1. Relative contact order of region 131-276, please, whole-number percent, based on alpha carbon pairs below 8 angstrom and at least 6 residues apart.
2. What is the percent carbon and sulfur in the accessible area of the chain, measuring with a 1.4 Å probe over the protein chains and ignoring ligands?
3. How big is the chain in terms of Cα radius of gyration and Dmax, in angstroms?
4. Accessible area per residue of the chain at 1.4 Å probe, in Å²?
5. If each DSSP helix of 4+ residues adds -39,500 (n - 2.57) and the sum is divided by the residues in the chain, what number results at 222 nm, nearest 500 deg cm²/dmol?
6. I'd like the GluC sites (Glu not before Pro) in region 96-180 restricted to DSSP loop residues with at most 13 other Cβ atoms within 10 Å, sorted by number.
7. To the nearest Å, what is the center-to-center distance of region 242-258 and region 1-21, using C-alpha atoms only?
8. Which residue, Leu61, Leu201, Leu230, tops the fluctuation ranking in a GNM of the chain built on C-alpha contacts under 10 Å?
Amino acid sequence: MEKITEESSHYDHLEQKSVLQLLTDINAEDQTVALAVAKTIPQLERLVTQVLARMQRGGRLFYIGAGTSGRLGVLDASELPPTYGVPPTLVNGIIAGGDTALRHAVEHAEDDGAQGWANLQAEGIGPDDSVIGIAASGTTPYVVGALSQCRAHGILTACITSNPGSPMAAVADIAVEMIVGPEYVTGSSRMKSGTGQKMILNMISTALMVRLGRVDGNRMVNMQLTNDKLVDRGTRMLVDALHLDYDTARRMLLAHGSVEKALHFAAHPSTNNNKR
């Protein structure tokens with residue numbers, strides 16, 4: 001298949017450009033990414049709705065990819081527990097070559113069409129789970145093989161790709177085809193494709209967390225209090241919501257362990273006392 005992601009850049013003689021020209025050109029290309037992502041919203045709505053229904057039955061979400069795509073999946077999954085207080089097993093990132101591949105290229109890991117499914121089986125993949133394959137090219141054997149097996153086993157499959165009509169899309173129940181065009185440096189899909197993938201993953205996971213009740217108003221009320229910045233943020237949430245002074249709000253937050261629990265206690269003090 002012809003790959004848009006491998007087409008020649010619209011720019012040439014990059015080595016002759018000034019730093020200002022390079023930065024300006026890259027920024028101009030990046031501004032087209034959000035528009036490409038916007039066109040995928042109908043597919044993303046279907047995807048989030050179906051993943052949400054499975055999560056409400058106890059299912060999990062898996063991102064699977066190689067290289068930059070795999071790293072972005074791991075990044076999104078790893079940020080959700082501290083941000084929203086969900087179990088680390090709810091959303092999982094799997095990358096070809098394992099954790100070593102997060103920092104170093106693992107030769108030919110993405111070429112193994114059977115390993116992706118094996119990695120998912122090791123996680124106890126089941127019918128209520130959902131799997132999203134991420135590959136700019138849409139042809140990565142590691143991802144295509146995994147999605148193909150998932151679909152054969154009745155597991156919801158989706159993909160995020162920058163090429164239309166790819167083999168990965170053919171084995172996905174929902175294909176999110178984000179067409180950002182040729183990269184500024186020919187074939188360097190860590191650029192616009194990677195930026196678009198990050199945007200889409202943000203949209204998917206944030207929408208899921210909101211619909212799962214992990215946000216109150218616009219606040220991350222279940223975030224883990226793992227550093228001073230987050231304790232301060234949580235304290236200020238309580239100051240705003242309960243009209244407390246800062247020190248009282250901070251003591252209350254630390255006593256209950258999360259903004260949500262502190263707010264629940266404030267709203268139902270007699271109920272909480274009865275439980276003791």
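1. Value for region 131-276: 14 percent.
2. Carbon with sulfur: 51 percent of the solvent-accessible area.
3. Values for the chain (Cα only, Rg and Dmax): 21.5, 74 Å.
4. Result: 50 Å² of accessible area for each residue.
5. Taking each H run of at least 4 residues, the total per residue is -15000 deg cm²/dmol.
6. Those satisfying the criteria are Glu107, Glu123.
7. Here the two parts' Cα centres lie 53 Å apart.
8. Ranking Leu61, Leu201, Leu230 by mean-square fluctuation puts Leu230 first.
The values are calculated or read from the model by the stated rules, or taken from the named source; none is laboratory data. Owing to the predicted nature of the structure, the values given are computational and were not obtained by experimental measurement. Cβ atoms come from the backbone with ideal geometry, glycine included; neighbour counts cover every protein chain shown. The area values use the complete protein model at the heavy-atom level, side chains included, leaving out ligands, DNA and RNA. Shrake-Rupley method; radii C 1.70, N 1.55, O 1.52, S 1.80 Å.
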